[in-house]
Amino acid sequence: MAAMTREETQALIQEVLEVYPEKAKKDRAKHLAVNDQSIEQSKKCITSNRKSQPGVMTIRGCAYAGSKGVVWGPIKDMIHISHGPVGCGQYSRAGRRNYYVGWTGVNTFGTMNFTSDFQEKDIVFGGDKKLAKIVDEIDQLFPLAKGISVQSECPIGLIGDDIESVSKKKAKEIEKPIIPVRCEGFRGVSQSLGHHIANDSIRDWVLHNRDGDTSFESTPYDVAIIGDYNIGGDAWSSRILLEEMGLRVVAQWSGDGTLSEMELTPKVKLNLIHCYRSMNYISRHMEEKYGIPWMEYNLFGPTKIAESLRAIAERFDDKIKEGAERVIEKYQAQYDAVIAKYRPRLEGKRVMLYVGGLRPRHIIGAYEDLGMEVVGTGYEFAHNDDYDRTIKEMGNATLLYDDVTGYEFEEFVKRVKPDLIGSGIKEKYIFQKMGVPFRQMHSWDYSGPYHGYDGFAIFARDMDMTINNPCWKSMQAPWLKSAADDAAAPVAASA
Amino acid sequence: MPNVMIRRKDDGGLLFYVAKKDMEETIASVETDTADAWGGEVELTDGSRWYIDPISPPPSFPTTLRFKRAEV
Ligand code: SF4
């Protein structure tokens, strides 16, 4: 299918909105837009970070998911208590695939689930005593844990438990930091507020811990990787590039991260932010308090990698600038080979994305390196500053959808007929059953890493094996197939 | 009276960031921007106008300041 014109895209949006009742239609209309690169400020064309409509199927998570799952969870040497009933933590356990090194259950705890398992009596009589007991148990069973965070689930705020005072008291007793996080799921409209709350708790309880301590020897080349959650090893394949160009990575936030790395971050020279949405708050705070500048970067696909490495090097002296060039050159043969191999197989394929807070714009470059085109993109929980950054990355007259509903997404796909969809697990099986190739772009569909040059090779292979998989030609039962069907089926066309 | 964080952009311009609202705008003009004072009415690129009593000596950015909405 040829690219849609602005009018066609607008008409498609109108058509999809048609089924809604008047009020819902008015609201949803604000969240759907046709991209116009000439617009400077996204708020002129799209509304974001608003409460989802009751009755529609949203794909968002909750503040607890943003804090426990995203920001705090990957701090591997701490124990994060999912404080409240057992389900919130158990059903999301290890789902994000934040890789880490260490002995799980001994000195690292990333994939384990710790919960206070609230019962009726805890709701009625309060859970503070239980929390205190859990802290003692943790201290006894896992002596190598460096600290504890208390991640509140919905009931904690509702029954008014005082987790702060318990945390303070117990922290003194066990002589380890205990961080209470008020990230009850009902706060905010999506996981986004959970990121913010988690950032604030790091600011209030962690960051200043070593302010007076000068024992850490810093170098002029110290940087911190912030907002890289090491999904499938992403932070590692990023880190090696930075180190090869001569920088010293002091901290990784929070993929494969540790408490002491976070405490040392105020001593770095530059903060590198991959996921702006979830970690911009703490970066702004460090800029104001410690004078550490921060910058966003993007390590998806060779074009963006080269751009980012050069931009990072700009902040340093010639040694690092040469380093950046050296790294780009060193890997050139490798990524040229990847492009030579996969581009002919993927050229011209059209992609629709719907992911969290960063990838809907960050991955575009990687697809373009493979000759593919992103024809629709949207975020679960972005704010306007994210869309500001997206408009320029997307082609004119492409679709933008914020907090898209299950229904809208399906209708868009039926009409736009992309060759590939990149979204989450909840969307995966629907679209696969519709016969559209699909990649799970939150956890890389059990693959990864996708960051860096090494990641790009894996990314290209994964996209190829999904789009060009022979299974898409077998979507119809053989006895139902007539010769003419082959051409008519929407599936066959895209496979 | 929101708390506003003012920081420098890469191109030297000033950004006006309201954490509570996740609003980030470029500052278009500042009424008083001299060697010994900074403040007064501040206009953003989206057209909105804010006010702060001029501060002297001028603050060093980034910093958090309390702004009022300017009267129209
Ligand atoms: S909304 Fe509340 S109950 Fe649901 S997962 Fe989040 S914290 Fe748990």
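The values are calculated or read from the model by the stated rules, or taken from the named source; none is laboratory data. Keep in mind that what you see is a predicted model, and the values were worked out from it rather than measured. Neighbour counts are summed over all protein chains in view; Cβ atoms, including those assigned to glycine, are modelled from backbone coordinates with ideal geometry. Surface accessibility is based on the protein's heavy atoms, side chains included, excluding ligands, DNA and RNA. Shrake-Rupley method; radii C 1.70, N 1.55, O 1.52, S 1.80 Å.
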message = Being touching a strand residue (DSSP E or B) at 6+ places or on another chain (Cβ under 8 Å), buried (at least 21 other Cβ atoms within 10 Å of the Cβ) and at positive phi is the requirement here; does A:D403 meet it?
response = yes
A:G110 vs (1) out of contact with any helix residue (DSSP H, G or I) (no Cβ under 6 Å at 6 or more places or on another chain); (2) within 24 Å of A:Y276 (Cα to Cα); (3) part of a helix (DSSP H, G or I): all pass except (3)
Here the residues within segment A:175-187 that are within 15 Å of the ligand (Cβ to nearest atom), open to solvent by 30 Å² or more (accessible area, probe 1.4 Å) and either among the basic types (K, R) or closer than 14 Å to A:V71 by Cβ (or both) are A:R182, A:R187
*asked:* Given the condition hydroxyl-bearing (S, T, Y), within 18 Å of A:N384 (Cβ to Cβ), within 12 Å of chain A (Cβ to nearest Cβ) and part of a loop (DSSP other than H, G, I, E, B), answer yes or no: does some residue in segment B:34-45 qualify?
replied: yes
If we keep only residues of segment A:248-267 that are open to solvent by 10 Å² or more (accessible area, probe 1.4 Å) and assigned to a loop (DSSP other than H, G, I, E, B), then the residue farthest from A:A311 (Cα to Cα) is A:T258
Within segment A:373-392, the residues that are more than 14 Å from chain B (Cβ to nearest Cβ) and at pLDDT below 90 are A:K392
Within segment A:437-447, identify whether any single residue is of a type outside the set (A, V, I, L, M), in a loop (DSSP other than H, G, I, E, B) and at pLDDT 95 or above, and answer yes or no. yes
- Message: With the structure loaded, tell me whether A:G424 is open to solvent by less than 10 Å² (accessible area, probe 1.4 Å), away from chain B (no Cβ under 14 Å) and under 27 Å from A:Y91 (Cα atoms) or whether it fails that test.
- Response: yes
A careful count of residues in segment A:56-109 that are within 10 Å of the ligand (Cβ to nearest atom), among the polar types (S, T, N, Q) and surrounded by fewer than 24 Cβ atoms within 10 Å (Cβ to Cβ) gives 1
Taking segment A:156-174 and keeping only residues that are surrounded by fewer than 19 Cβ atoms within 10 Å (Cβ to Cβ) and out of contact with any strand residue (DSSP E or B) (no Cβ under 7 Å at 6 or more places or on another chain), one is left with A:G157, A:L158, A:I159, A:G160, A:D162, A:S165, A:K168, A:K169, A:K172, A:E173, A:I174
Considering segment A:121-166, residues that are among the hydroxyl-bearing types (S, T, Y) and under 29 Å from the mean Cα position of the chain (by Cα), and then whichever is farthest from the ligand (Cβ to nearest atom), we arrive at A:S149
Taking segment A:195-218 and keeping residues within 14 Å of chain B (Cβ to nearest Cβ) and within 16 Å of the ligand (Cβ to nearest atom) leaves A:H195, A:H196, A:I197
Based on what the data block shows, is A:S192 buried (at least 22 other Cβ atoms within 10 Å of the Cβ), within 14 Å of chain B (Cβ to nearest Cβ), of a type in the set (S, T, Y) and within 16 Å of the ligand (Cβ to nearest atom)? yes
